[in-house]
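The values are calculated or read from the model by the stated rules, or taken from the named source; none is laboratory data. All values derive from a computational prediction rather than experimental measurement. Glycine also receives a Cβ, built like all others from the backbone with ideal geometry; neighbour counts cover every protein chain displayed.
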Amino acid sequence: MVYAGGKLAAQAPLPVGGILSDQPVSVLGKQLGQVRKAMEDLGYDNNNVIMSMSTLCLPVSPRLKLTDFGLLEVKSQEKVPLIQTYFDKNGMRI
């Protein structure tokens, strides 16, 4: 699913185990094309938009991965905060 401006822009439902579509290839292909375009319209830049997002949730891949436990740094398996606290040069919270 891709949301833009708080509204659903595109989706490719995968109801079978969260990894398979129950639609014909022609329908799934059209849905994935719409998802790819919506992501690119939002500024996502990758040479393989769908595959890069599909593998984002694999916790065995290097670096940061999105899991059901949150965003993890793969090597340490430590959670990465999604909201960062910033301080100005005087140490005051911004």
Checklist line | One residue from 37, 65 being in contact (Cβ under 8 Å) with a residue 24 or more places away in the chain and charged (D, E, K, R) | finding: 37
Next item on the list: Could you tell me which residue of the stretch 8-38 is modelled with the lowest pLDDT, considering only residues that are under 14 Å from residue 53 (Cβ atoms) and among the β-branched types (Val, Ile, Thr)?
Entry: 19
Checklist line | Conditions (1) of a type in the set (A, V, I, L, M, F, W, C); (2) closer than 17 Å to residue 19 by Cα; (3) exposed (fewer than 12 other Cβ atoms within 10 Å of the Cβ); (4) in contact (Cβ under 8 Å) with a residue 12 or more places away in the chain; number of the one not met by residue 51 | finding: (4)
Next item on the list: Say whether the condition of being surrounded by 10 or more Cβ atoms within 10 Å (Cβ to Cβ), in a loop (DSSP other than H, G, I, E, B) and of a type in the set (A, V, I, L, M, F, W, C) is met by at least one residue in the stretch 21-39.
Entry: no
Note to self: Looking at the stretch 67-81, can you tell me whether even one residue there is surrounded by 12 or more Cβ atoms within 10 Å (Cβ to Cβ), of a type in the set (Ser, Thr, Tyr), modelled with pLDDT under 90 and under 14 Å from the mean Cα position of the chain (by Cα)?
What the structure shows: yes
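Can you name every residue in the stretch 1-18 that is assigned to a loop (DSSP other than H, G, I, E, B) and out of contact with any helix residue (DSSP H, G or I) (no Cβ under 6 Å at 6 or more places or on another chain)?
If the condition is that a residue be assigned to a loop (DSSP other than H, G, I, E, B) and out of contact with any helix residue (DSSP H, G or I) (no Cβ under 6 Å at 6 or more places or on another chain), then 1, 5, 6, 11, 13, 14, 15, 17, 18 are the ones that fit.
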Check: Can you tell me how many residues in the stretch 39-65 are at pLDDT below 85 and touching a strand residue (DSSP E or B) at 6+ places or on another chain (Cβ under 8 Å)?
Finding: 7
